[in-house]
Amino acid sequence: MLNDMKKITIGSQEGMSLIEILIALTLMGIAGTFVAGKVYENLEKGQIQAAKIQMKSLADRVKEFRRDCAYYPTSDQGLEALLDKPTGGRECRKYAAGGYIDGGKLPKDPWDFDFIYESDGKTFDIKTFGADGAEGGEGADADISLKDI
């Protein structure tokens, strides 16, 4: 029986050559590039969708303000009118105690910029300039307006 155990041989102990290792690393790098590209693309789409959801939520708060005050906050009053009762312009006699946004802080867009609010008191729009924070652009840099949603 001891002799039978000696007959068992261990396979070749040769490793991979440097060329084989470099080829494997190159293939892994190429595959990683495609995966990272898709992840980044999905991140951009998610940020755009999140901005639209936030804008709709802010619009709902602005509409609540209008139900109580009979007008939309003006551009001068801005979205800050949802946090604190406006002191300038038309008076709101039924302003909700505590404001219209929980937490006492205006949300920022997914790219950490303030939303842009424009209103004449009768109509309003909420915008974001996208990832670049500048007017115009394409893709993730494109402007998003509540009117376009």
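In region 7-58, of all residues being modelled with pLDDT of 90 or more and among the β-branched types (Val, Ile, Thr), the one that is surrounded by the most Cβ atoms within 10 Å (Cβ to Cβ) corresponds to Ile48.
Being in contact with a Lys or Arg (Cβ under 9 Å, 6 or more places away or on another chain) and without any contact (Cβ under 8 Å) to a residue 40 or more places away in the chain, is that true of even one residue in region 97-109? Yes; the residues of region 97-109 include at least one that is in contact with a Lys or Arg (Cβ under 9 Å, 6 or more places away or on another chain) and without any contact (Cβ under 8 Å) to a residue 40 or more places away in the chain. Scanning region 84-101 for residues that are of a type in the set (Ser, Thr, Tyr) and touching a Leu at 6+ places or on another chain (Cβ under 8 Å) yields a total of 1. Hey, does region 40-56 have a residue that's within 21 Å of Ala140 (Cα to Cα) and among the aromatic types (Phe, Trp, Tyr)? Yes; the residues of region 40-56 include at least one that is within 21 Å of Ala140 (Cα to Cα) and among the aromatic types (Phe, Trp, Tyr). For region 93-106, the count of residues that are of a type outside the set (Phe, Trp, Tyr), surrounded by 16 or more Cβ atoms within 10 Å (Cβ to Cβ) and under 30 Å from Tyr40 (Cβ atoms) is at least one. If you go through region 82-100 one residue at a time, do you hit one that is of a type outside the set (Val, Ile, Thr), at pLDDT 85 or above and part of a helix (DSSP H, G or I)? Among the residues of region 82-100, at least one is of a type outside the set (Val, Ile, Thr), at pLDDT 85 or above and part of a helix (DSSP H, G or I), which makes the answer yes. Of all residue pairs spaced 6 or more apart or on separate chains, those with beta-carbon atoms under 7 Å, a first member in region 124-139 that is without any contact (Cβ under 8 Å) to a residue 12 or more places away in the chain and a second member that is assigned to a loop (DSSP other than H, G, I, E, B) are Glu135/Phe129; Glu135/Asp143; Gly136/Asp143; Gly137/Gly130; Gly137/Asp143.
Does Lys85 qualify as being among the charged types (D, E, K, R) and over 19 Å from Asp148 (Cα atoms)? When the stated conditions are applied, Lys85 passes them.
The values are calculated or read from the model by the stated rules, or taken from the named source; none is laboratory data. Bear in mind that the values here come from a model prediction, so they are computed numbers and not experimental data. Positions of Cβ are generated from backbone atoms using ideal geometry, with glycine treated the same way; all protein chains shown enter the neighbour counts.
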